[in-house]
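Below: the structure, in structure tokens.
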Amino acid sequence: MNNIIEILDLKKNYSSVEAVKGISLEIHKGEMFALVGPDGAGKTTTIRMLTGLISPDSGKLSLLGKNIKENKNFIQNKIGYLSQKFSLYGDLTIDENIEFFAHIHNIFDYSERRNELLEFTRLTPFRDRLADNLSGGMKQKLALACSLIHRPEILFLDEPTTGVDPVSRRDFWKILSGLIKDGITILMTTPYLDEAERCTRVALMNDGKIIALDTPAEIKKSIGKSILEVVCSPSRKAYKIIKESGDLEVQLFGDRLNIMIENRQENIDEIMNIFNQNEIKISGTRIITPTLENVFIHLINN
Amino acid sequence: MHSITVNNLTKKFGSFVSVDNISFNVKEGEIFGFLGANGAGKSTTIRMLCGILEPTSGDALVGGFSINSEPDKVKSSIGYMSQRFSLYNDLTVQENIDFFGGVYGLSGSNFRERKNWVLEIANLKGKENLLTGLLPGGIKQRLALGTAVIHNPKIVFLDEPTSGVDPISRRSFWDLINQLSEEGTTVFVTTHYLEEAEFCNNIILINAGKLVAEGTSEELKTNYINHKIIDIECDRTVEAMEILEKETFVLDTSIFGNNLHISVLDDVSAKKSVLALLEGKHSFRIRKIDTIVPTLEDVFIHLIEKG
């Protein structure tokens, strides 16, 4: 069974708001898959339906080859879920928090698995510390450890790195790589497209629909555009000129401009001409691959 | 022309040195990125620069005023916006703007003009009576920035302003920051998202209270990191990572989408070794192997692990 998650024409409305407008998706075993999109795109609603927390209005949903509705208990024991606002007990220690989650899953011989998870998240030296006294990054790792105590086959992460500093974030990604190594399938939501680049496949969501679904590399190729990076001065003036000159998508990064173009010499020449006529001094140009963010903004604008 | 000049600024809490003798300059009208992990001393520094926390030693001139001898003048020449937007959720848009205008002592036609400006940049014209708590995150963020600069300060401090904001809103927020900077406002910004630091004209990085790097993003990427990052596109990425992890020339590994990233000191010899090992010995199919430019995040992690 290669498809560990199968979603067919899934829909969910909240009174008059269509949160998820019929999405279909298959996720393979061992993937690190990301649902990406702005607030209100339907990411969290989707992940909540997948974890059985809310019921879809229509559509088919199966995990590990079984229909979610009819196999709730079986599925509950096979999945882990780390929500945006994960709940730890501040007045319990790290050890006690994990013990609590083990008991919820009716697991009583948890101590070996707990040791393993503490090693894995490098929390062993702090196991007797109260959760309230942990840093943000450590709390997040503890919450992750709690969600893994019952050895789930699929792990759902809802915006796991929001508000976490870069060092902890890098650490967290290392841990996720380790989980993939153990054969766990990960499905996460994130508003950060640079994080989505780390995933094997990505679904870009907007307004309740999937607008692109592929590997990050293929999604970037699909729009057939490149980014012309121009180091120039005064860069702000250059930015304004491009912005006002028509429908080119442009971003300003300090003294650099990134302009999305079709990679043809005539397009580059045209931009250079505009700059020359406006006395913009150019000190370097190169063609770079668009980022997922470039592609995403492009798709949404079109 | 410098808008902020920091000289040997130090702050101790008992025996704990939170900010350790840092010096730097911020040019007028630039977007200046102030980076550091949690606990590095960022917030302490910002609080001193805003004139609300007295340094243990050293001084800074903010908008021409000394934080030691003229903290009140410092306060009136700056704006401040934090990640927990300082807006009142149970007040309407109008009431929030009135409140901040009042705090900064605005009145008459100047106030009306600025109020209009805030409504305009937040796209809230005609929606003055909405409850602030019900606004979408991106709009709230623009309103928070608007109220933070309603008194037209020369300098604005933004403390993790985009935490938890979606990509579309973030991009339009940065357009707004660029607009402020173009109008001559100096923007001093902290962020955990290093791809955002790319928007800054200049960046400094602090770690354990000390300044560890400064320059443009290009300078940081070339001057502060001596190891190279190699991007490998091959089959069975996880297995490849397990094999490479054991090699001494590999300093670090990470899975990056369908590819593998490794850090090494000598990229030329490392590529040869990787090919020999993966293709030669273990018959992987390597489709691509390239040295890539490190990201700011790579530089940041490198400097912090080194320190």
- [ ] Kindly work out what percent of the DSSP beta bridges joining two residues of chain B are antiparallel, to the nearest 5.
- [x] 70
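Heavy-atom accessible area per residue, the protein assembly as shown, 1.4 Å probe: how many Å²? Display every interim value, and only then the final one.
Working: 26630 Å² over 609 residues.
Spelled out: the 1.4 Å probe surface of the protein assembly as shown, per residue, equals 44 Å².
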Task: Sequence-distant residues sharing a close amide H with A:I211 (under 5 Å, placed H) - done: A:L204, A:M205, A:N206
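Can you give me the relative contact order of chain A as a percent, contacts being Cα pairs under 8 Å and 6 or more apart?
On the way: 531 pairs, mean separation 60.6, N = 302.
Worked out over chain A, it gives 20 percent.
From the helices alone, meaning DSSP H stretches of at least four residues, give me the mean residue ellipticity at 222 nm for chain B, per-run term -39500 (n - 2.57), in deg cm²/dmol to the nearest 500.
Values: 11 runs with 106 residues, N = 307.
So the helix-based figure for chain B works out to -10000 deg cm²/dmol.
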TODO: Considering only A:L157, A:L63, A:L257, give the residue with the highest GNM mean-square fluctuation for chain A, with springs between Cα atoms whenever their separation is below 10 Å.
DONE: A:L257
Task: Most mobile listed residue (B:M48, B:M81, B:M241) in chain B, GNM with C-alpha springs under 10 Å - done: B:M241
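In terms of the Cα gyration tensor, with a ≥ b ≥ c the square roots of its eigenvalues, is the range A:106-165 rounded because a/c is under 1.5, prolate because a/b exceeds b/c, or oblate? Mind showing how you got there, number by number?
Numbers: a/c = 2.17, a/b = 1.18, b/c = 1.84.
In terms of gyration-tensor shape, oblate.
What FRET efficiency comes out for the pair B:F99/B:L130, r = Cβ-Cβ distance, R0 = 22 Å, nearest 0.05?
On the way: r = 15 Å, r/R0 = 0.70.
Step by step, r from the Cβ atoms, then E = 0.90.
Contact order normalised by length for chain B, with contacts defined as Cα pairs under 8 Å and 6 or more residues apart; what percent is it?
Working: 570 pairs, mean separation 57.9, N = 307.
Computed over chain B, the figure is 19 percent.
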Task: B:V238 versus A:E266: modelled label distance in nm, points set 7 Å from Cα along the beta carbon direction - done: 4.9
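At a Förster radius of 60 Å, what calculated FRET efficiency corresponds to the Cβ-Cβ distance of A:H105 and B:S109, to the nearest 0.05?
Working: r = 65 Å, r/R0 = 1.09.
The value I calculate is 0.35.
Based on the Cβ-Cβ distance from A:T215 to A:D91, what FRET efficiency comes out when R0 is 60 Å, to the nearest 0.05?
Details: r = 45 Å, r/R0 = 0.74.
Once rounded, the FRET efficiency stands at 0.85.
Chains B and A: what accessible area do they bury, summed, in square angstrom to the nearest 100, with a 1.4 Å probe? Could the numbers behind the result be given before it?
Numbers: alone 15100 and 15340 Å², together 26630 Å².
Result for this pair: about 3800 Å² buried.
Tally up the carbon and sulfur contribution to the accessible surface of the protein assembly as shown as a whole percent, 1.4 Å probe, everything protein left in place. It would help to have the intermediate numbers written out before the result.
On the way: 12660 of 26630 Å².
That fraction is 48 percent.
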Open item on the list: What distance in nm lies between label points placed 7 Å from Cα along the C-beta direction at B:Y88 and A:T289?
Closed with: 5.1
- [ ] With a 1.4 Å probe on protein heavy atoms only, tell me which residues of the range A:166-187 lose at least 10 Å² of accessible surface in the complex relative to the chain by itself.
- [x] A:P166, A:V167, A:R169, A:R170, A:K174, A:S177, A:I180, A:K181
Open item on the list: Just to be sure I understand the interface: list residues from the range B:271-307 that lose 30 Å² or more of accessible area between the chain on its own and the complete protein assembly, 1.4 Å probe.
Closed with: B:E297, B:I301
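When the helices in chain A are scored as -39500 (n - 2.57) per DSSP H run of 4 or longer and the sum is shared across all residues, what 222 nm value do you end up with, to the nearest 500 deg cm²/dmol? Write out the running numbers ahead of the final one.
Values: 11 runs with 106 residues, N = 302.
Rounded to the nearest 500, the figure is -10000 deg cm²/dmol.
When DSSP assigns beta bridges and you keep just the ones with both residues in chain A, what percent turn out antiparallel, to the nearest 5? Don't skip to the answer; put the middle values down first.
On the way: 39 of 57 bridges.
Roughly 70 percent of the DSSP beta bridges within chain A come out antiparallel.
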- [ ] Pop out the ³J(HN,Hα) list for the range B:148-163 in order, Karplus 6.51 cos²θ - 1.76 cosθ + 1.60 with θ = phi - 60°, rounded to Hz; leave Gly and Pro as x.
- [x] 5, 10, 4, 8, 6, x, 6, 10, 10, 9, 10, 9, 6, x, 10, 4
TODO: Please give the residues from the range A:205-250 for which the solvent-accessible area of heavy atoms, probe 1.4 Å, is smaller by at least 10 Å² with all protein chains in place than with the chain isolated.
DONE: A:T215, A:R236, A:Y239, A:K240, A:K243
Task: Interatomic Cα distance distribution for chain A, bins of 10 angstrom, percent - done: 6, 24, 27, 21, 14, 7, 2, 0
Open item on the list: For a quick check, take a GNM of chain B with Cα springs below 10 Å and name the residue from B:T147, B:T248, B:T295 with the largest mean-square fluctuation.
Closed with: B:T248
Open item on the list: Can you list residues from other chains, or at least 5 along the same chain, whose modelled amide H is less than 5 Å from the amide H of B:S82?
Closed with: B:D159
Task: Amide H contacts under 5 Å for A:L82, placed H, 5+ residues apart - done: A:F156, A:L157, A:D158
- [ ] Hand me the trypsin sites (Lys or Arg not before Pro) from the range A:216-271 located in a DSSP loop with no more than 13 other Cβ atoms within 10 Å, in residue order please.
- [x] A:R264
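Is the shape of the range B:193-307 best called rounded, prolate or oblate, per the rule: a/c under 1.5 gives rounded, else a/b larger than b/c gives prolate, else oblate, with a ≥ b ≥ c the square roots of the Cα gyration tensor eigenvalues?
On the way: a/c = 2.56, a/b = 2.21, b/c = 1.16.
Prolate, since a/c reaches 1.5 and a/b exceeds b/c.
Give A:K225/A:K281; A:K11/A:K69; A:K85/B:K127; B:K11/B:K210; A:K243/A:K281; B:K42/B:K228 a once-over and call out the pairs whose C-alpha atoms are over 23 Å from each other. Before the final figure, lay out the partial values.
Working: A:K225/A:K281 25 Å; A:K11/A:K69 15 Å; A:K85/B:K127 30 Å; B:K11/B:K210 11 Å; A:K243/A:K281 18 Å; B:K42/B:K228 29 Å.
Beyond 23 Å between Cα atoms: A:K225/A:K281; A:K85/B:K127; B:K42/B:K228.
The values are calculated or read from the model by the stated rules, or taken from the named source; none is laboratory data. None of the values given here were measured: they were computed from a predicted structure. Reconstructed Cβ throughout: ideal geometry from the backbone, glycine too, with neighbour counts over all protein chains shown. Only protein heavy atoms, including side chains, enter the accessible area calculation; ligands, DNA and RNA are left aside. Shrake-Rupley method; radii C 1.70, N 1.55, O 1.52, S 1.80 Å.
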